[in-house]
Structure formats: C-alpha cells, structure tokens
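J.: Before I ask anything, let me first share the structure, which is written out below as structure tokens.
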Amino acid sequence: MWSGPRNIPTAMMRAWGNRDDTVVIDEPFYAHYLKVTGLEHPGANEVIATGDTDWRKVVVQLTGSIANGKQIFFQKQMTHHLLPEIDREWLGAVTNCFLIRDPREVINSYIKKREDPALEDLGFVQQAEIFDFVRTRNNAVPPVVDAKDVLENPERTLQLLCKALGIEFSQSMLSWPPGLRDTDGIWAKHWYGEVAKTTSFQPYRPTQNEVPQRFREIYDLSHRHYERLYAYRLH
C-alpha cells in the first residue's frame, strides 16, 4: 500500500496486522532513503543502523515467500522512500494499492512534526508516478482508497478494498489492541504516539485550518496529483 506521510497509513497497518492470515512490514525502504538523502529525521542514525540500506535486499524480501505461513503480506510503503535509483520492475511481483489524503489535511498535520516540508517530503508527486507505472504495466487501474472515506466508513471502505484485491474482508480489521507492535519500525517512538493510543480508526474530523501561505505552491502541485488519483477512488 503506497501512501504519503500523515495519511493514516499506520492505522491501516494496524487493521491489516490484526488479521490472522496477514503479516505486515513497516516502511522497509526507510533506512535506504535516509542513508541516501542524508535527511535529519528523528532517530535517523538508529533507523540506518538497524534497517537494511541496500534496496536490492529489501526487494528480495518484499517479493519472497510470506513469513510465518501467512497468506497475505501487507507492506506499508511511503511513496517518497521509493527513490529514483530503485528499479520499479519488482512492482510487477506484488499487488499495489494506494492510500490518498487531501493535501490540505496532510500539510497541516505534517507541519506539527516537521516545520518546513518540501514538495518531495509529502509524496504526492511520487505517488502519482508509481500509480502511473503500475497502471501502465498492468494495463489496469490499481485500487485507490481515500483516508477520509476510511475514517468516515471503515467497514464499507475496507470491504471495497478487499473485494478489489480479491481478499475476503474480516471484521478483525475494524479494531485492534492499543500500544506499539514488534512489527513497528524503530521510529515508532517518534511518530506513532497517537496511533498507539487507538483501538480502531478514529472518527473523521475535518481540518479547519487553511494551508499556510508559504506552502501554497506545494499545496497546489500536490492537489493536482491528489485530484487525479481521487477520481479513481473506491467508493
């Protein structure tokens, strides 16, 4: 599942991770991304030290056999982590779906954690690029779900997603125990504080704030890509 940051991807990982037939992995390209870009994210040195910084080894893991005898391998992926030098052909070995969110809500959420994001930090451009690659390669539109739809009606939206993926929906996806998980990335202590308190998808609360003026250009560019994928969302 390809998502940008602040798109409820961790809550989505909780939903899939609560299924008996599913194993999850959390942002497997993050260590490579941080090592190559040199960005100063919270706990970056620890992420690099404990993660796999060779994208080729990551791809082998993502396309190999599913661990623990499970049937489904849910991969929480950040679109901006798929840097240009990473070959895209492995995407043909997995089923790709996309989690989108209104960039106004993404930006207003993101700047609470990091004050000055660049366009590439938000992942909208990369998400559209991956979407186009997958769509062209498979000659079919991959499943797209919007975060607002998930929060407003989790059961219906997850049912639509499971149907599109050819997977039986499970009620276990609608709630989960609180706390962090062994499957969470080492960065969970920096980013997952709110999710760790939850036991289900939280009710949708619209963002009242407008995008700060200094981010208007980033917003406009991001919104253009968001709207294009939104047209294909499951609803």
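The values are calculated or read from the model by the stated rules, or taken from the named source; none is laboratory data. Remember, it's a predicted structure, so these values are computed and weren't measured experimentally. Positions of Cβ are backbone-derived with ideal geometry, glycine not excepted, and every protein chain shown enters the neighbour counts. The area values use the complete protein model at the heavy-atom level, side chains included, leaving out ligands, DNA and RNA. Shrake-Rupley method; radii C 1.70, N 1.55, O 1.52, S 1.80 Å.
J.: Just give me the residues in the stretch 49-76 being out of contact with any His (no Cβ under 9 Å at 6 or more places or on another chain) and among the β-branched types (Val, Ile, Thr), in sequence order.
T.: Within the stretch 49-76, Thr50, Val59, Val60, Thr63, Ile66, Ile72 qualify.
J.: Now for a different question. Can you pull out the helices (runs of 4 or more DSSP H) entirely within the stretch 17-116 that have at least 1 residues that are more than 26 Å from Lys148 (Cβ to Cβ)? Talk me through it step by step, then tell me what you get.
T.: Values: elements: 30-37, 44-50, 55-63, 103-110.
Those helices (runs of 4 or more DSSP H) span 30-37, 44-50, 55-63.
J.: Is it true that Leu119 is touching a Cys at 6+ places or on another chain (Cβ under 8 Å) and either open to solvent by less than 80 Å² (accessible area, probe 1.4 Å) or at pLDDT below 95 (or both)? Even if it seems obvious, please write down each step before you answer.
T.: Values: touching a Cys at 6+ places or on another chain (Cβ under 8 Å): no; either open to solvent by less than 80 Å² (accessible area, probe 1.4 Å) or at pLDDT below 95 (or both): yes.
For Leu119, the condition - touching a Cys at 6+ places or on another chain (Cβ under 8 Å) and either open to solvent by less than 80 Å² (accessible area, probe 1.4 Å) or at pLDDT below 95 (or both) - is not met.
J.: Is one or more of the residues making up the stretch 154-173 touching a residue at least 24 places away in the same chain (Cβ under 8 Å) and among the basic types (Lys, Arg)?
T.: First pass over the stretch 154-173, keeping only residues touching a residue at least 24 places away in the same chain (Cβ under 8 Å): 154, 157-158, 160-161, 164-165, 167, 170, 172-173.
Within this subset, residues satisfying the condition of being among the basic types (Lys, Arg) are none.
No: the stretch 154-173 contains no residue that is touching a residue at least 24 places away in the same chain (Cβ under 8 Å) and among the basic types (Lys, Arg).
J.: Here's something else I'd like to know. Look through the stretch 180-200, keep the residues that are among the aliphatic types (A, V, I, L, M) and closer than 11 Å to Asp26 by Cβ, and return whichever of them is surrounded by the fewest Cβ atoms within 10 Å (Cβ to Cβ). Give the steps one after another, and end with the answer.
T.: Residues of the stretch 180-200 that are among the aliphatic types (A, V, I, L, M), as a first pass: 180, 186, 188, 195-196.
When the remaining residues are screened for being closer than 11 Å to Asp26 by Cβ, the result is 180, 186, 188.
Working: Leu180: 13, Ile186: 16, Ala188: 17.
Applying the filter and picking the extreme gives Leu180.
J.: Right, next: Say whether the condition of being under 26 Å from Pro28 (Cα atoms), open to solvent by 80 Å² or more (accessible area, probe 1.4 Å) and touching a helix residue (DSSP H, G or I) at 6+ places or on another chain (Cβ under 9 Å) is met by at least one residue in the stretch 211-226.
T.: Applying the first criterion (under 26 Å from Pro28 (Cα atoms)) to the stretch 211-226 yields 222, 225-226.
If we keep only those that are open to solvent by 80 Å² or more (accessible area, probe 1.4 Å) as well, we get none.
No, the stretch 211-226 has no match at all.
J.: Does the stretch 64-83 hold any residues that are at pLDDT 95 or above and either of a type in the set (A, V, I, L, M, F, W, C) or more than 18 Å from the chain's Cα centre (by Cα) (or both), and which are they? Show your work before the answer.
T.: Restricting attention to the stretch 64-83, the residues satisfying the condition of being at pLDDT 95 or above are 64-66, 70-83.
Matches in the stretch 64-83: Gly64, Ser65, Ile66, Lys70, Gln71, Ile72, Phe73, Phe74, Met78, Leu82, Leu83.
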